[in-house]
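The values are calculated or read from the model by the stated rules, or taken from the named source; none is laboratory data. Computed from a prediction, not measured in an experiment: that's the story for all the values here. Note that we place each Cβ from the backbone using ideal geometry, even for glycine, and neighbour counts take in every protein chain shown.
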Amino acid sequence: MANDKPGAIKRCWTALRKPSAKYSLLALLVVGFFSGIFFWGAFNTGMEATNKLEFCIGCHEMRDTVYQEYKETIHYSNRTGVRAICSDCHVPKDWTHKMIRKIQASKEVWGKLTGFVDTPAKFEAHRMELATHEWARMKAAGSRECLNCHNFDAMSPELQKQTPYKKHMKAKAEGKTCIDCHKGIAHHLPKEYEEPDDE
């Protein structure tokens, strides 16, 4: 049995070096391996490029509306100098959910091509619809992107004012997520939006 191992290795090596049509199986595996690495690197580089602020505000629909609103918020400028950009709030960090979100975002490309919100007036006409979709997505995900930076358990009763602290602890106890109470925190609320009675 011990003598059979060198024979098995030799047969395996011979099979790998044997030509399949024109190239050996080994050559095809090596080329496939390095092609896979190149593709994966290019794919991830492309994904990361679409998460940059410059990409998000590359079209005037975003640059002239929601970006201008965001620049007036604490997520843009604050005492600690920590800035959340578009992808921090709108794109999940983990790979699976990020890919799902990127596929969903392909509809936004179609909207760009068809001129769905290509003027401020069109954007305002659709603001409630767009906001409602995003709020529903965030609610369904348990405000996952908010929780990348904010955490109920890390909130200090000494450092946070008592009224917000009590509301946060009540929200935690009731199983609420950030978006339940914090709509309009980075962008203007739609004119049609009505604040629920219990908030």
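Only a single criterion out of (1) touching a Cys at 6+ places or on another chain (Cβ under 6 Å); (2) loosely packed, with under 11 Cβ neighbours inside 10 Å is not satisfied by Cys86, namely (2).
Just one of the listed residues (Ala136, Ala141, Ala173) is among the aliphatic types (A, V, I, L, M) and either modelled with pLDDT under 95 or surrounded by 13 or more Cβ atoms within 10 Å (Cβ to Cβ) (or both), namely Ala141. Against the test of being in a helix (DSSP H, G or I), assigned by TED's automatic domain parsing to the domain that holds Gly175, in contact (Cβ under 8 Å) with a residue 60 or more places away in the chain and surrounded by fewer than 16 Cβ atoms within 10 Å (Cβ to Cβ), the options Glu129, Glu124 yield a single qualifying residue, Glu124.
Of the candidates Asn51, Asn78, the single residue that is on the phi < 0 side of the Ramachandran plot, part of a loop (DSSP other than H, G, I, E, B) and under 12 Å from the mean Cα position of the chain (by Cα) is Asn51. Taking the criterion of being in contact with a Phe, Trp or Tyr (Cβ under 6 Å, 6 or more places away or on another chain), part of a helix (DSSP H, G or I) and among the basic types (Lys, Arg), would at least one residue in segment 89-101 satisfy it? Looking through segment 89-101, none of the residues is in contact with a Phe, Trp or Tyr (Cβ under 6 Å, 6 or more places away or on another chain), part of a helix (DSSP H, G or I) and among the basic types (Lys, Arg).
Which of the following residues is surrounded by 10 or more Cβ atoms within 10 Å (Cβ to Cβ), of a type in the set (Ser, Thr, Tyr) and not assigned by TED's automatic domain parsing to the domain that holds Arg144: Ser24, Ser77?
On inspection, the qualifying residue turns out to be Ser24.
Considering every residue within segment 76-85, establish whether at least one is of a type outside the set (Asp, Glu), over 24 Å from His182 (Cα atoms) and out of contact with any strand residue (DSSP E or B) (no Cβ under 6 Å at 6 or more places or on another chain). No, because not a single residue in segment 76-85 is of a type outside the set (Asp, Glu), over 24 Å from His182 (Cα atoms) and out of contact with any strand residue (DSSP E or B) (no Cβ under 6 Å at 6 or more places or on another chain). Within segment 59-73, the residues that satisfy the criterion of being surrounded by 13 or more Cβ atoms within 10 Å (Cβ to Cβ), assigned to a loop (DSSP other than H, G, I, E, B), free of Cβ contacts under 8 Å to residues at least 60 places away in the same chain and not acidic (Asp, Glu) are Cys59, Thr65. The combined condition, being among the hydroxyl-bearing types (Ser, Thr, Tyr), modelled with pLDDT of 90 or more and out of contact with any helix residue (DSSP H, G or I) (no Cβ under 8 Å at 6 or more places or on another chain), is not fulfilled by Thr14.
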